[in-house]
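Below: the structure, in C-alpha cells.
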C-alpha cells in the first residue's frame with residue numbers, strides 16, 4: 001500500500017545543482033506558456049483574467065509541493081471552463097468558491113481513503129467522449145469573440161450560445177476576425193519554425209501591438225475588464241461558507257468539480273509517468289489536488305487540476321522534480337505584480353484563437369475515430385452518447401449516463417460469455433460445463449439446467465467459472481433443492497478460489513459436494 005508521502009520529499013534526497021538549473025529553466029518556460037492560457041481559461045470560465053493567474057499560482061505551488069507526481073503542473077484547465085461558467089452564472093463567484101472548497105475536502109477524503117486507483121474503473125470511451133465534448137463546447141464558446149459578434153442575450157448553455165452566434169452573425173466584425181486569423185496563423189506556424197518559442201505568448205504580444213498601433217475596433221481585455229488588478233492574491237473566506245442550506249445546494253457542484261479534478265489529474269499523471277518512466281502516488285496526488293483547490297478558492301481562484309499540456313511541456317524542457325512546478329508558480333506571481341496592467345491590451349480574438357488551439361489539442365479526435373473504427377459497437381455507442389450529452393447538456397449528465405450505459409453493456413457482454421453446456425450423459429449422470437461468471441446477469445443459465453428422473457447425479461464442471469455473486473448462489477441453491485426433491489445428488493468440480501470461498505460462506509457445501517475434477521465426481525456415482 002502506498003504511503004501518503006509527497007514526491008518533493010523523495011526528490012530532495014538526491015537533488016543536485018544541475019537538476020536545480022534544469023528545473024528553474026523549465027519552470028520559467030512553463031510559466032510563459034501558462035500566462036496566456038491562464039488568462040484565456042479564466043475568461044472562458046466567466047471570471048476576471050487575474051483569477052486565472054491566482055489559480056495557477058496557488059494551486060500550482062501547492063500541488064507541486066505536496067503532490068504525488070514529480071512533474072505535474074496544476075492550474076486552470078479547459079475541462080473546467082464550461083462547468084465553472086455555469087456555476088458562476090447561477091451561484092455567483094462566492095458560490096463557486098464554496099463549491100471548490102467542498103470539492104477540495106472531497107478530494108482529500110478520497111486520497112485518505114486510498115481511492116486513487118479507482119480511476120481505472122472509468123472506461124476510456126467515457127473519458128475520450130467527454131474530453132472531445134468539452135473541446136467542442138470551448139470552441140463554440142469562443143465563436144463570439146473570434147468573429148467580434150455583439151450578442152443580444154447572455155446565453156449560458158452551449159447550444160444556446162451556438163443559437164445566439166447564428167442569430168447575431170450579422171454583427172460580424174471584420175477587424176476582430178482578422179486579428180483572430182493572425183493569432184491562429186502564429187499559433188499554427190510558429191511552432192514549426194521555432195519550436196522552443198512559446199507561440200501563445202508571441203500571438204498575444206503581436207496582436208496587441210497591431211490593435212494598438214492601428215487603433216482597430218477590436219475588443220480587448222481592458223475594454224471588457226477595465227478594473228483588472230495587478231495586486232497579488234489575498235486571503236478571504238467566501239460568503240455562505242458556514243451556511244448549511246448553501247452547502248447542501250452546492251454539494252452537486254462540489255462533487256462534479258472533485259470527480260473531474262480527480263480524473264483529469266490522475267490521467268495527467270499517467271501520461272507523465274509514461275514520458276519519464278516513473279510511477280506517481282495517486283492517493284497523495286488526490287490529497288494535494290484537494291489542498292490546492294482549497295488554497296485557490298481561499299485566495300480568489302477557481303478550480304484547478306493537473307494540466308496535461310503544461311505537464312508535458314515541463315517534461316520536454318527538462319523538469320524532473322516538483323521544484324519546476326514551484327518555480328512556475330513563483331514566476332507567474334512576479335508577472336502578475338509587475339506586468340499585469342499590460343494584459344489589458346490583449347485582444348479578445350487572440351484569446352479565442354488560443355482557446356481554439358487548446359480545444360483542438362484536447363479533442364483527442366484521433367483516439368475518437370480509432371475507437372469507432374476498431375472497437376465493438378457497444379463501446380462506440382458509449383463514446384458517441386457521452387460526447388453528445390456533454391455538448392448538448394453537461395458533463396455530469398454525460399459521465400453518469402455514460403458509466404451506467406457502459407456498466408450495463410459490460411454486464412451484457414459478460415452474460416453472453418457465460419453458459420451452461422450439457423455433455424453427453426456419463427454413467428447415467430448429467431454433466432454440465434459452466435463458463436463465465438455466475439452473476440445476476442447470467443444466473444438464468446443455471447436456472448435453465450434440468451435433470452430427469454433417470455439421472456443418477458448432476459455434476460457441474462466449474463473450472464471455467466471465475467466468480468459467483470449472491471444471485472448466482474441463489475440459483476445454485478434453487479437447483480440443489482430441486483435435485484434433493486428428486487433424490488439426485490449434485491456436485492461441483494474444478495472450483496476456483498473465489499467461487500470456493502463463496503460456496504463455503506453460503507454453506508452450500510452441505511448440499512453440494514465438491515471434487516477436484518469430473519473423474520473424481522464420477523467415481524462416487526452408485
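Would you confirm, using the coordinates I've provided, whether residue 303 is modelled with pLDDT of 90 or more, surrounded by 24 or more Cβ atoms within 10 Å (Cβ to Cβ) and not assigned by TED's automatic domain parsing to the domain that holds residue 288? Spelling it out, it is not the case that residue 303 is modelled with pLDDT of 90 or more, surrounded by 24 or more Cβ atoms within 10 Å (Cβ to Cβ) and not assigned by TED's automatic domain parsing to the domain that holds residue 288.
Which condition from (1) surrounded by fewer than 13 Cβ atoms within 10 Å (Cβ to Cβ); (2) at pLDDT 90 or above is the one that residue 435 breaks? The failed condition is (1). Could you list, in sequence order, all residues of the stretch 358-370 that are crowded, with 17+ Cβ neighbours inside 10 Å and at pLDDT below 85? Answer for the stretch 358-370, where residues must be crowded, with 17+ Cβ neighbours inside 10 Å and at pLDDT below 85: 358, 359, 362, 363, 364.
Condition check for residue 422 on (1) surrounded by fewer than 13 Cβ atoms within 10 Å (Cβ to Cβ); (2) closer than 30 Å to residue 255 by Cβ; (3) in contact with a strand residue (DSSP E or B) (Cβ under 9 Å, 6 or more places away or on another chain): one failure, at (2).
The helices (runs of 4 or more DSSP H) located wholly in the stretch 143-247 that include 1 or more residues which are under 30 Å from residue 95 (Cβ atoms) occupy 143-147, 158-167, 221-224. Residue 454 passes all but one of (1) within 17 Å of residue 478 (Cα to Cα); (2) exposed (fewer than 13 other Cβ atoms within 10 Å of the Cβ); (3) in contact (Cβ under 8 Å) with a residue 24 or more places away in the chain; which number fails? So the condition that residue 454 fails would be (1).
Mind counting the residues in the stretch 480-502 that are surrounded by fewer than 21 Cβ atoms within 10 Å (Cβ to Cβ) and within 43 Å of the chain's Cα centre (by Cα)? Matching residues across the stretch 480-502 total 7. Scanning the stretch 364-390 for residues being part of a helix (DSSP H, G or I), out of contact with any helix residue (DSSP H, G or I) (no Cβ under 6 Å at 6 or more places or on another chain) and under 18 Å from residue 414 (Cα atoms) gives a total of 2.
The residue list 452, 491 contains one member that is in contact with a strand residue (DSSP E or B) (Cβ under 8 Å, 6 or more places away or on another chain) and closer than 15 Å to residue 433 by Cα, which is 491.
Among the numbered conditions (1) touching a strand residue (DSSP E or B) at 6+ places or on another chain (Cβ under 9 Å); (2) closer than 30 Å to residue 166 by Cβ; (3) modelled with pLDDT of 95 or more, the only one that residue 96 does not meet is (1).
Can you find, within the stretch 46-66, the residue that is surrounded by the fewest Cβ atoms within 10 Å (Cβ to Cβ) among those that are at negative phi and not in a helix (DSSP H, G or I)? Among those that are at negative phi and not in a helix (DSSP H, G or I), it is 48. Being assigned by TED's automatic domain parsing to the domain that holds residue 237, in contact with a helix residue (DSSP H, G or I) (Cβ under 6 Å, 6 or more places away or on another chain), more than 22 Å from residue 4 (Cα to Cα) and at pLDDT 95 or above: is that true of residue 56 here? Judged against the criteria, residue 56 is a match.
Does the stretch 9-32 contain at least one residue that is in contact (Cβ under 8 Å) with a residue 60 or more places away in the chain, in contact with a strand residue (DSSP E or B) (Cβ under 7 Å, 6 or more places away or on another chain) and in a helix (DSSP H, G or I)? Among the residues of the stretch 9-32, not one is in contact (Cβ under 8 Å) with a residue 60 or more places away in the chain, in contact with a strand residue (DSSP E or B) (Cβ under 7 Å, 6 or more places away or on another chain) and in a helix (DSSP H, G or I), which makes the answer no. Checked against (1) surrounded by fewer than 18 Cβ atoms within 10 Å (Cβ to Cβ); (2) at pLDDT below 95; (3) not assigned by TED's automatic domain parsing to the domain that holds residue 42, residue 204 meets all criteria but (1). For first residues located in the stretch 229-240 and closer than 14 Å to residue 100 by Cα, partners that are part of a loop (DSSP other than H, G, I, E, B) and lie 6+ apart or on another chain with Cβ distances below 7 Å form the pairs 236/300. When the test is whether a residue is closer than 25 Å to residue 190 by Cα and either surrounded by fewer than 24 Cβ atoms within 10 Å (Cβ to Cβ) or free of Cβ contacts under 8 Å to residues at least 40 places away in the same chain (or both), residue 43 does not pass it. For the stretch 515-525, the criterion of being assigned to a loop (DSSP other than H, G, I, E, B) and buried (at least 20 other Cβ atoms within 10 Å of the Cβ) is satisfied by no residue at all. Do the conditions hold for residue 270, that is, is it touching a helix residue (DSSP H, G or I) at 6+ places or on another chain (Cβ under 9 Å), modelled with pLDDT under 95 and either crowded, with 24+ Cβ neighbours inside 10 Å or assigned by TED's automatic domain parsing to the domain that holds residue 336 (or both)? Answer is yes for this residue. Looking at the stretch 457-479, which of its residues are buried (at least 20 other Cβ atoms within 10 Å of the Cβ) and either assigned to a loop (DSSP other than H, G, I, E, B) or in contact with a strand residue (DSSP E or B) (Cβ under 6 Å, 6 or more places away or on another chain) (or both)? Of everything in the stretch 457-479, those that are buried (at least 20 other Cβ atoms within 10 Å of the Cβ) and either assigned to a loop (DSSP other than H, G, I, E, B) or in contact with a strand residue (DSSP E or B) (Cβ under 6 Å, 6 or more places away or on another chain) (or both) turn out to be 457, 458, 459, 460, 461, 462, 465, 468, 472. Consider residue 133 carefully, then state whether it is part of a helix (DSSP H, G or I) and touching a helix residue (DSSP H, G or I) at 6+ places or on another chain (Cβ under 6 Å). When the stated conditions are applied, residue 133 passes them. Can you tell me how many residues in the stretch 379-412 are exposed (fewer than 15 other Cβ atoms within 10 Å of the Cβ) and under 29 Å from residue 459 (Cβ atoms)? Of the residues in the stretch 379-412, 1 are exposed (fewer than 15 other Cβ atoms within 10 Å of the Cβ) and under 29 Å from residue 459 (Cβ atoms).
For the stretch 102-124, a tally of residues being buried (at least 23 other Cβ atoms within 10 Å of the Cβ) and within 27 Å of residue 37 (Cα to Cα) returns 3.
Can you tell me which residues in the stretch 158-187 are buried (at least 16 other Cβ atoms within 10 Å of the Cβ), under 24 Å from residue 133 (Cβ atoms) and touching a residue at least 60 places away in the same chain (Cβ under 8 Å)? 158, 180, 184, 187, listed by residue number. The single condition among (1) in contact (Cβ under 8 Å) with a residue 24 or more places away in the chain; (2) in the same structural domain as residue 496 (by TED's automatic domain parsing) that residue 409 does not satisfy is (2).
The values are calculated or read from the model by the stated rules, or taken from the named source; none is laboratory data. This one's a predicted model, so the numbers in the text were calculated from it and none came from an experiment. Reconstructed Cβ throughout: ideal geometry from the backbone, glycine too, with neighbour counts over all protein chains shown.
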